[in-house]
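Please read the structure below before turning to the comments.
Computed from the coordinates by the stated procedures, all read-outs in this text should not be read as laboratory data. Just so it is clear, the model here is predicted, and its values are computed rather than measured. Ideal geometry is used to build each Cβ from the backbone, glycine not excepted, and the neighbour counts take in all protein chains shown.
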Amino acid sequence: MYSHPGNRPRFLKLSALHFPINAVLSGGHRLTGLALVISLVGYLTLANLILIHPGITLISISDHWVLRCLHTAFWIALSFHWLTGLRHLLAEHFVTPKPYQIINSRFISFLLITVWALISLFIVYQVWS
């Protein structure tokens, strides 16, 4: 049996990996982009359903839970995607070290997450009430 020389782990658990907050925000930006594409497919499916079945209108299904879930997922994903995209754009356009360090600081990252959480609560309240 092969024995690895050294103290490197053989079986990595994904829960043991700790990514920096900037990497988490970047990954979240990509995931919310995917969620936006999936919600676009959901909205196109809904439009197709409304066009094919004349008895179904947008007003008649406006209180349906599936449509509310679609609205909630879309707006929460869009708000996170927009906030992290703005952060990415600002970080890319500052070439001097001081503004770049401010934008990539942990404080700004946690402020972005806090603002997104507040926006998400507002979205959930608006869609489900």
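Brief remarks follow.
- The set of residues from the range 102-122 being of a type outside the set (A, V, I, L, M, F, W, C) and touching a residue at least 60 places away in the same chain (Cβ under 8 Å) comprises N104, R106, S109.
- In the range 58-98, the residues that are in contact with a helix residue (DSSP H, G or I) (Cβ under 8 Å, 6 or more places away or on another chain), under 19 Å from I21 (Cα atoms) and not β-branched (V, I, T): A77, S79, F80, H81, L83, G85, R87, H88, L90, A91
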